[in-house]
Amino acid sequence: DNAAGALQDISQYTDKVNPKYELGDVNVTTFGQTFEQFIAGFASGEIDIGGNWDRTFDTQMTGLVDAFRAGTIVSSTFEYGPEGADSGDHRATGEAVLTNYEVDSSIQDQVTWTATLRCTGTITFNSY
């Protein structure tokens, strides 16, 4: 989403996406057992994204940062299709909080941006 809550296609500004989905565990070992026992705990997710810096995109991202800081939004919708967005392609969707946005300017190098999205709530895995 942008700061106004509208889902945006940021493919043209992005050259890396690194989703990490984790499932915690809970130790339920009781006295007298000789091996630890576990059950599944809470699921979580985080998505690192980045690409070449662009003025238009930077305006969108700084607007999103400002909206999170001001409390005018509490999460932003994401949709990620590692294969693309054709019918039948895999897709992950959910809500996320923007926890980091950085711009890296180095001499003799392309100006780039990176961001981290911390997933909040359920992540849905399905197809387009």
> Taking amide hydrogens as modeled 1.01 Å from N in the peptide plane, which residues meet the under 5 Å criterion relative to Phe78, leaving out close sequence neighbours?
Replying inline: Gly94, Glu95, Ala96
> Ignoring ligands, DNA and RNA, what percent of the 1.4 Å accessible area of the chain is carbon and sulfur?
Replying inline: 50 percent
> Gain in length, Ser87 to Thr34, computed as 0.36 nm per residue apart minus the alpha-carbon separation, to one decimal in nm?
Replying inline: 14.0 nm
>> Residue by residue through segment 72-78, what is 3J(HN,Hα) from phi via Karplus (6.51 cos²θ - 1.76 cosθ + 1.60, θ = phi - 60°)? Round to whole Hz and write x for glycine and proline.
In response: 6, 9, 10, 7, 10, 6, 10
>> Just to confirm the number: angle between the C-alpha axis of helix 55-70 and the first principal axis of the chain, 0 to 90 degrees, nearest 10?
In response: 50 degrees
> Got a sec to turn the phi values of segment 13-26 into Karplus ³J(HN,Hα) couplings, 6.51 cos²θ - 1.76 cosθ + 1.60 with θ = phi - 60°, whole Hz, x for Gly and Pro?
Replying inline: 10, 10, 10, 8, 9, 10, x, 10, 10, 10, 10, x, 10, 10
>> Rounded, prolate or oblate, given the Cα gyration tensor of segment 78-128, with a/c below 1.5 counting as rounded?
In response: oblate
> Could you give the accessible area per residue of the chain, probe 1.4 Å, as a whole number in Å²?
Replying inline: 66 Å²
> Could you give me the ³J(HN,Hα) list for segment 115-123, computed from phi with Karplus coefficients 6.51, -1.76, 1.60 and θ = phi - 60°, whole Hz, x at Gly and Pro?
Replying inline: 8, 10, 10, 9, 5, 10, x, 6, 9
>> Under the rule of at least 5 residues apart or a separate chain, name every residue whose amide H is placed under 5 Å from the amide H of Ala3.
In response: Leu64
> Suppose every K and R has +1 on its Cβ and every D and E has -1 on its Cβ; what is the size of the dipole of the chain about the Cα centre, in Debye to the nearest 20?
Replying inline: 300 debye
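The values are calculated or read from the model by the stated rules, or taken from the named source; none is laboratory data. This is a predicted model, so every value here is computed, not measured. FYI the Cβ positions are ideal-geometry reconstructions off the backbone, even for glycines, and counts take in every protein chain you see. Surface accessibility is based on the protein's heavy atoms, side chains included, excluding ligands, DNA and RNA. Shrake-Rupley method; radii C 1.70, N 1.55, O 1.52, S 1.80 Å.
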